Amino acid sequence: MDPAAFILLLFAGYFVVAAFVPRVRMRWGFRKGLRSTILKPHMGAVTCAGMATMLVTFSVPFLWKRAPAEWLETAIIAGFLLVGFGAIVDWIREPTIRRKT
């Protein structure tokens with residue numbers, strides 16, 4: 001197996017697990033200031049499923065040399081739309097947390 005495909009599949013595996021286990025989900029980001037820390041919302045299940053879809057699709061050409069381009073294009077667009085829709089839902093449902101340090 002190509003190392004690039006292996007790495008992409010490992011990341012995709014993380015996002016599949018994160019779609020079902022909320023405690024392991026990453027945040028969209030954080031910022032540390034002098035007297036405060038700003039924590040962005042966590043990624044949701046829809047976002048994680050979209051990321052997993054895109055990463056698996058990116059690894060398919062390494063594993064299957066004659067993969068139909070139309071299938072790959074459709075799967076990448078579907079994953080991108082899932083990530084976009086999930087990001088909107090994440091930012092609406094979960095607030096940004098500001099902590100004083």
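Taken one residue at a time, the phi angles of the range 24-31 give Karplus couplings (6.51, -1.76, 1.60, θ = phi - 60°) of 9, 6, 7, 8, 5, x, 8, 9 Hz. Gly and Pro are set to x.
Listed highest first by mean packing, meaning other Cβ atoms within 10 Å per residue, what order do 51-59, 68-76, 85-93 come in?
Numbers: 51-59: 21.3, 68-76: 12.0, 85-93: 14.7.
Descending mean neighbour count gives 51-59, 85-93, 68-76.
Charge dipole of the chain (Cα centre as origin; +1 on each Lys and Arg Cβ, -1 on each Asp and Glu Cβ, all else neutral): 880 debye, rounded to the nearest 20.
Note on residue 32: lysines with a C-alpha under 26 Å away, same-chain residues under 8 apart excluded, are 40, 100.
Read the figures in this text as sums done on the coordinates, not as results from a lab. All figures in this text were calculated on a predicted structure; none of them were measured in a lab. With ideal geometry, Cβ positions are generated from the backbone for all residues, glycine too; neighbour counts draw on all protein chains shown.
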